[in-house]
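The values are calculated or read from the model by the stated rules, or taken from the named source; none is laboratory data. Everything numeric in this text was worked out from a predicted model, so none of it was measured. Backbone-built Cβ (ideal geometry, glycine too); neighbour counts: all protein chains shown. Just so you know, the surface numbers come from the protein's heavy atoms only, side chains and all, with ligands and any DNA or RNA stripped out. Shrake-Rupley method; radii C 1.70, N 1.55, O 1.52, S 1.80 Å.
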Amino acid sequence: MDELNRLRREIDELDDTLMELLEKRFNISKQIGYIKKKNTLDVTHPGREQAILNKASSFNNKDSIEAVYATIFKTSKLIQK
């Protein structure tokens with residue numbers, strides 16, 4: 001059980017970091033949204049999304065990472081509107 005608790009603590013620390021990073025990412029997305037509105041640019045940028053997803057190809061959990069990014073992209077677009 002000590003090993004389980006240790007691993008859970010590691011996950012908790014990673015979750016804290018992920019949440020902080022997501023908060024920063026969404027704040028930046030909001031700023032990008034203002035710029036896009038000001039310049040009448042489309043919220044969606046498929047080439048940029050694909051470039052980000054291409055980075056996932058080098059990871060063992062590529063499919064899971066891509067699924068997470070699909071949610072991140074969707075949320076970022078909602079924030080930018």
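Among the protein heavy atoms of the chain, carbon and sulfur supply 56% of the accessible surface, probe 1.4 Å, non-protein parts ignored. Legend: calculated FRET efficiency, ASP16 to SER58, from the Cβ-Cβ distance at R0 = 30 Å, rounded to 0.05, equals 0.75.
In the context of the full set of protein chains, the chain has a per residue accessible area of 84 Å² (1.4 Å probe).
Along the axis of the charge dipole computed for the chain (Cβ charges of +1 for Lys and Arg, -1 for Asp and Glu, origin at the Cα centre), the listed residues ASN61, THR44, LEU14 are led at the positive end by THR44.
In the chain, the longest principal axis of the Cα atoms and the axis of helix 46-56 are about 20 degrees apart. Using every pair of separate Cα atoms, the Kirkwood estimate puts the hydrodynamic radius of the chain at 14.6 angstrom.
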